[in-house]
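To start, the structure itself, in structure tokens.
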Amino acid sequence: MFGCQRHWLVAVLAMLVGSLGAARGAEEGDGGDIAPQAKQVVEQFGKFIHDLKSFSLLAKGNLHVEAQGQKQDITFSQELRVERPNKIFIQVGSSQPGGGVTIAANGEELTTFIQPVNKYVVEESPVDLTALFENPVIAGITSAGNASAITQTFFVDDPVGKLLEKVTTLEYVGEVKLDDKPAHHLKAQSEQLDWELWIAAGKEPLPLKFVPNLEKALAKMNRGGAAPQMKVENVVTFTDWNIQPKFDAESFAFTPPADAEKVDSLMEMFGQRAQPDAQKLVGEPAPDFEMATLDGGTASAAEQKNKNVVILDFWATWCGPCREAMPIINKVAKAFADKGVVFYAVNIDEEPEKIKEFLDAEKLELAVALDKGGEVAQKYLANAIPQTVIIGKDGRVQVVHVGLSANLEEKLTEELTALVDGKDLAAESKKPAADETAAEEGSEPAPEETGAKPKAKLKIKKSPK
């Protein structure tokens with residue numbers, strides 16, 4: 001479902017999700033040209049949505065795609081019910097076969113049901129809604145139709161910062177009528193995506209309509225030969241807002257069909273064999289590695305042990321979230337370079353020329369280690385990318401991040417600060433689990449280990465030629 005597909009329509013839909021949904025955690029465009037009135041509007045929206053304790057709405061996305069003489073119209077819908085801190089119900093629908101998904105978190109359990117495969121998984125409910133969307137499968141599912149470019153701002157501590165990620169220009173177009181309602185019309189430009197947004201005027205500054213301009217994202221995809229020239233129009237609307245809903249327990253309850261199959265993890269829903277969780281590496285000696293680097297040097301675990309903290313970021317040019325995460329990691333690593341931190345972007349089995357072309361296009365300067373055949377990725381259980389591993393000076397794995405988290409820059413900064421100060425994050429992360437085990441001594445063992453929930457695993461392979 002989330003692999004690299006060759007069909008042009010599937011490819012463009014995957015790209016659209018990546019271009020909008022994967023921008024989580026990117027650097028906010030400080031120094032951009034933000035019109036004062038536009039800033040005031042988004043700040044009013046940010047405060048209002050952040051302060052809402054509960055709400056519900058219906059988001060609809062429409063995609064019109066033209067390519068190779070073909071035309072297709074696709075619609076997506078998301079019914080959302082939200083009660084902070086960690087209750088949510090999302091019903092995703094689509095005009096395409098295979099679009100039915102239900103996500104229900106009642107504060108104790110999180111149930112995800114994928115209708116096309118008639119399978120579901122039950123996990124512990126996340127502590128908050130930000131944590132829910134850090135799961136790459138959940139984020140991918142809810143990105144359908146690109147509504148999540150706006151809806152995911154509802155669940156973070158800084159909605160304004162989230163909305164203005166990488167924005168270089170924000171223009172206030174004016175106050176207009178939208179379905180007979182007064183609305184503020186905003187227009188934004190960024191390095192990767194331009195967009196227009198309509199926010200209701202008045203005491204309830206809620207988003208009403210979102211129109212992304214996908215020309216830049218399409219141009220980037222076509223530069224790599226991933227798809228033919230195409231035209232894509234995308235419109236997202238937000239209706240049926242209720243900011244004083246009367247929820248009860250049934251509002252966040254979901255019972256899967258009687259014939260649905262319960263599985264242990266989200267990855268099993270897509271027929272993938274369970275693979276070792278990279279979190280098991282935390283606290284263990286880092287697997288040895290020695291790789292050639294793009295500039296002709298060598299990256300070696302032995303060379304760095306007892307000298308530096310090492311960051312390994314496993315990535316590939318075809319991976320959208322990888323492309324978003326890398327500049328963030330590089331920025332943080334550079335800030336700690338004089339404190340004994342070394343960063344290697346570990347490219348998995350791609351040709352040097354392709355990597356250089358990508359780095360030049362993105363204006364990135366960093367040390368790239370070449371993992372030919374993906375052997376090092378296998379040692380580090382990098383079944384899904386991006387995967388970021390931090391190795392302490394003592395040579396033990398201290399931290400593992402899988403996927404692109406919403407607050408990656410903040411997390412990395414905190415973790416590196418602790419490590420250069422001599423803290424043992426691996427020991428600290430295992431202590432809560434040990435305390436819980438001690439407290440429950442004599443009880444039945446839990447069916448699953450305490451720790452990070454399984455995430456979808458993508459088979460790592462070369463980008464199609």
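Every number in this text was worked out from the coordinates using simple rules, so none of it is lab data. Owing to the predicted nature of the structure, the values given are computational and were not obtained by experimental measurement. Note that each Cβ is placed from the backbone with ideal geometry, even for glycine, and that neighbours are counted across all protein chains shown.
Details
- Protection proxy ranking of 409-418, 171-180 - average other beta-carbon atoms within 10 Å, highest first: 409-418, 171-180
- For segment 338-416, the relative contact order is 22 percent, taking Cα pairs closer than 8 Å that sit 6 or more residues apart in sequence and dividing their mean separation by the residue count.
- Net length available on complete extension from GLU175 to GLU290 is 35.5 nm, with 0.36 nm assigned per residue and the Cα-Cα distance removed.
- GLU191-HIS64 pseudo-label distance in nm [points 7 Å out on the Cα-to-Cβ vector]: 3.2
- LYS307-GLN37 FRET efficiency (beta carbon distance; Förster radius 56 Å; 0.05 resolution): 0.60
- The label-point distance for ASP360 and VAL127, in a model that sets each label 7 Å from Cα toward Cβ, rounds to 4.6 nm.
- For the pair LYS47 and GLU410, label points projected 7 Å from Cα toward Cβ lie 1.9 nm apart.
- Whole-Hz couplings from phi, Karplus 6.51/-1.76/1.60, listed for segment 47-62; x for Gly and Pro: 5, 5, 5, 5, 7, 5, 7, 7, 5, 9, 6, 10, 10, 10, x, 10
- From phi via Karplus (6.51, -1.76, 1.60), per-residue ³J(HN,Hα) for segment 313-322 in Hz, x at Gly/Pro: 10, 7, 7, 8, 5, 7, 9, x, x, 4
- When peptides 387-398, 302-313 are ranked by their average number of other Cβ atoms within 10 Å per residue, the highest-first order is 387-398, 302-313.
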